[in-house]
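The structure appears below as structure tokens.
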Amino acid sequence: MMKEMEAVSNFCGMTAALLFIVANAYYPARLIAKKFKPWSQDTVLFFRQYLKAHITLNLLALLALILHGHYAEERNIFLTLSFIASVALTIEGMLMHYRVVPGMQRHLRLLHTQQALFTIWIVLIIAGHAVI
Ligand code: HEM
Ligand code: HEM
């Protein structure tokens, strides 16, 4: 039984990692594309589509992550914090995308696209798994 749970956890961990990588390559892609402004109509369209993928794939990744964490045999403070950061980023993204609190758009955008938060999130994931 333990073995099956570990297999489910590992599969979901790999799935979450893959989805997160494809979803959030959106960020470096935009940083690079920023250097080639003004954008062509094609580039504008590409990023409009990629934003949709960013949202859908991050939501799917969070589902996989919940299963991964639930069935994982161990955890530590870094992994717990990495999970909390993932949920926080998702909530910010949702609030921003669906304009739940119109007066907070600018703040949410600043928070969600914060390079420091993004870096901390990645460091927590790596550190958490490194000390297991
Ligand atoms: C935040 C994003 C996370 C990602 C992308 C992620 C990804 C992964 C991946 C790819 C693996 C390797 C699976 C394999 O060996 O086939 C793994 C292992 C593992 N993860 Fe995560 N994980 C995350 C968060 C978490 C959290 C929050 C926990 C704890 C609740 C956790 C606990 C574990 C454990 C215990 C292992 C097995 C460690 C080992 O075999 O060395 N992970 N994770
Ligand atoms: C762990 C999950 C997530 C991470 C790490 C993440 C990270 C990021 C980053 C770094 C950017 C900035 C890209 C840029 O420079 O324009 C961004 C943009 C964005 N994200 Fe996320 N995101 C996540 C999940 C979500 C979710 C779940 C949603 C919506 C439901 C979302 C909605 C958005 C939107 C709307 C933008 C575009 C902001 C704009 O350019 O106006 N994000 N995200």
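Read-outs: derived from the displayed coordinates by stated rules, not from any lab. In this text the structure is predicted, and so the values were computed from the model without any measurement. No Cβ is skipped: glycine too gets one built from the backbone with ideal geometry, and neighbour counts run over all protein chains shown.
Is it fair to say F47 is farther than 19 Å from F83 by Cβ, more than 10 Å from ligand 2 (Cβ to nearest atom) and among the hydrophobic types (A, V, I, L, M, F, W, C)?
No; evaluated as a whole, the condition is false for this residue.
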Going by the conditions given, is L95 under 18 Å from L117 (Cα atoms), without any contact (Cβ under 8 Å) to a residue 24 or more places away in the chain and not basic (K, R)?
yes
Going by the conditions given, is Y50 under 21 Å from Q115 (Cβ atoms), touching a residue at least 60 places away in the same chain (Cβ under 8 Å) and more than 12 Å from ligand 1 (Cβ to nearest atom)?
no
Residue ID - farthest from ligand 2 (Cβ to nearest atom), chosen from residues in the stretch 18-40 that are assigned to a loop (DSSP other than H, G, I, E, B) and surrounded by 13 or more Cβ atoms within 10 Å (Cβ to Cβ):
W39
Here the residues within the stretch 30-47 that are basic (K, R) and in contact (Cβ under 8 Å) with a residue 12 or more places away in the chain are R30
